[in-house]
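Q: I am attaching a structure below and will ask some questions about it afterwards.
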Amino acid sequence: MTQSRLFFSADKAEAERIYNILEREFEEDGFPLAITEIDEDRQIFEVSVYTEDGVTELAARIDTLVGADRFESEELPDIDWVTHSLEGLKPVRAGRFFVHGSHDRDKIENDDIAIEIDAGLAFGTGHHGTTAGCLEMIEEIVHGEHPTNALDLGTGSAVLAIAIAKLAPIPVLATDIDPVAITVAAENALKNGVGEHVITATAEGFDHPVFRSYTPFDLIVANILANPLMELAPALKSHLASNGSIVLSGILDSQHDAVLAAYQAQGLTHQKTLHREGWVTIHLK
């Protein structure tokens, strides 16, 4: 089947704005997205959307979202795009964490806490501002508070659960509603040498019996979306240990105050907010 690419170039701020619009719109559609720098001197970035069919319909949908006729289209040659995309996926540093694909193992430095995550079927390669923000916050909290157990709710690729387990040899429960994500998460935990500490389970909400074995949690990390996070505020509070910490992300700058208010209504106290690429990561106790 023919693959096509719709693409648009602009300065960094505009390209990131368009990318964020498309990322939110296509979250459930599964269209691969990319943002790459194509002119370093002029700081020009290109946003791409990939599809295997329906390019005309997709182009019309994008035009409605971001303005008519801003995206061009091209057919792509028949090559292994998974390999091609991995080659262009640059490693990410967040605090001491170095999140990389298998093709960048040679770039690990002596003081790095390396996490190997290849792009695949589950969210979380470290490249998104929400994931990177969580990694920075996790490092600060684990070193400062020394939790004895943790929960990564909506784990995706398990990058955050792996990060916690790399910092401290404690049980980390990693749950997701998607069984495919849980399979990927378990494989990634094993690949990163923390399989004995990361416990994975397919679970929606807190009704799964696995929670009874680990609640309450000293540290809860939830990188999901703003609306589900607000709905989950009472449940997260009820599963948090006394003096425990919650890290929330998947939240746009514009959603920060509403999410914070939902958790302050549960008696939690705001500790810190990190801003990154239009997204926020919130620490509460």
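The values are calculated or read from the model by the stated rules, or taken from the named source; none is laboratory data. Only a predicted model underlies this, so the values are computations on that prediction, with no experimental measurement involved. Here Cβ is always computed from backbone atoms with ideal geometry, including for glycine, and neighbour counts include all displayed protein chains. SASA here: full protein model, heavy atoms, side chains in, ligands and nucleic acids out. Shrake-Rupley method; radii C 1.70, N 1.55, O 1.52, S 1.80 Å.
Q: Filter segment 1-31 for residues that are polar (S, T, N, Q) and outside any strand (DSSP E or B); which is surrounded by the fewest Cβ atoms within 10 Å (Cβ to Cβ)?
A: THR2
Q: While we're on this one: Would you call ILE62 over 19 Å from the mean Cα position of the chain (by Cα), among the β-branched types (Val, Ile, Thr) and either at pLDDT 85 or above or over 23 Å from GLY30 (Cβ atoms) (or both)?
A: yes
Q: Could you please find all residues in segment 66-96 being at pLDDT 65 or above, within 27 Å of the chain's Cα centre (by Cα) and open to solvent by 80 Å² or more (accessible area, probe 1.4 Å)? Spell out the reasoning first.
A: Quick first cut of segment 66-96, residues at pLDDT 65 or above only: 66-67, 69-76, 90-96.
Filter again for within 27 Å of the chain's Cα centre (by Cα), leaving 66, 71, 90-96.
Correct list: LYS90, ARG93, ARG96.
Q: Report whether or not VAL194 is β-branched (Val, Ile, Thr), crowded, with 17+ Cβ neighbours inside 10 Å and not in a helix (DSSP H, G or I).
A: Numbers: β-branched (Val, Ile, Thr): yes; crowded, with 17+ Cβ neighbours inside 10 Å: yes; not in a helix (DSSP H, G or I): yes.
Criteria met by VAL194.
Q: Quick check on ALA34: is it surrounded by fewer than 18 Cβ atoms within 10 Å (Cβ to Cβ), of a type outside the set (Asp, Glu), touching a residue at least 40 places away in the same chain (Cβ under 8 Å) and not assigned by the TED database to the domain that holds ILE177?
A: Values: surrounded by fewer than 18 Cβ atoms within 10 Å (Cβ to Cβ): yes; of a type outside the set (Asp, Glu): yes; touching a residue at least 40 places away in the same chain (Cβ under 8 Å): yes; not assigned by the TED database to the domain that holds ILE177: yes.
The answer is yes for ALA34.
Q: Between a residue in segment 218-233 that is among the β-branched types (Val, Ile, Thr) and any residue that is assigned to a loop (DSSP other than H, G, I, E, B), which pairs come within a Cβ distance under 7 Å, given they are 6 or more apart or on different chains?
A: ILE220/HIS239; ILE224/GLY154
Q: Sort out which residues of segment 266-285 are under 13 Å from LEU229 (Cβ atoms) and either more than 15 Å from the chain's Cα centre (by Cα) or at pLDDT below 95 (or both), and write them in order of number.
A: GLN266, LEU268, TRP279, VAL280, LEU284
Q: Let me ask something else about it. How about segment 219-236: which of its residues are open to solvent by less than 50 Å² (accessible area, probe 1.4 Å) and under 21 Å from the mean Cα position of the chain (by Cα)?
A: Once the filter is applied, which keeps residues that are open to solvent by less than 50 Å² (accessible area, probe 1.4 Å) and under 21 Å from the mean Cα position of the chain (by Cα), segment 219-236 yields LEU219, ILE220, VAL221, ALA222, ASN223, ALA226, PRO228, LEU229, LEU232, ALA233, LEU236.
Q: If we keep just the residues of segment 197-218 that are among the aromatic types (Phe, Trp, Tyr) and closer than 18 Å to ALA168 by Cβ, which is least open to solvent (accessible area, probe 1.4 Å)? Working first, answer last.
A: At the first step, the residues of segment 197-218 found to be among the aromatic types (Phe, Trp, Tyr) are 206, 211, 214, 217.
The next check asks that each one be closer than 18 Å to ALA168 by Cβ; those that pass are 214, 217.
Numbers: TYR214: 64, PHE217: 0 Å².
That would be PHE217.
Q: If ALA262 passes every condition in (1) within 18 Å of GLU136 (Cα to Cα); (2) in contact with a helix residue (DSSP H, G or I) (Cβ under 6 Å, 6 or more places away or on another chain); (3) of a type in the set (Gly, Ala, Ser) but one, which one does it miss?
A: (1)
Q: Identify all residues within segment 37-65 that are open to solvent by less than 60 Å² (accessible area, probe 1.4 Å), of a type in the set (Val, Ile, Thr) and either under 10 Å from ALA15 (Cα atoms) or outside any helix (DSSP H, G or I) (or both); write none if there are none.
A: Within segment 37-65, ILE44, VAL47, VAL49, THR51 qualify.
Q: Here's another thing I want to ask about it. Taking segment 260-285 as the search range and keeping residues that are of a type in the set (Val, Ile, Thr) and without any contact (Cβ under 8 Å) to a residue 24 or more places away in the chain, which one is farthest from LEU135 (Cα to Cα)?
A: Ranking the qualifying residues of segment 260-285, first place goes to THR269.
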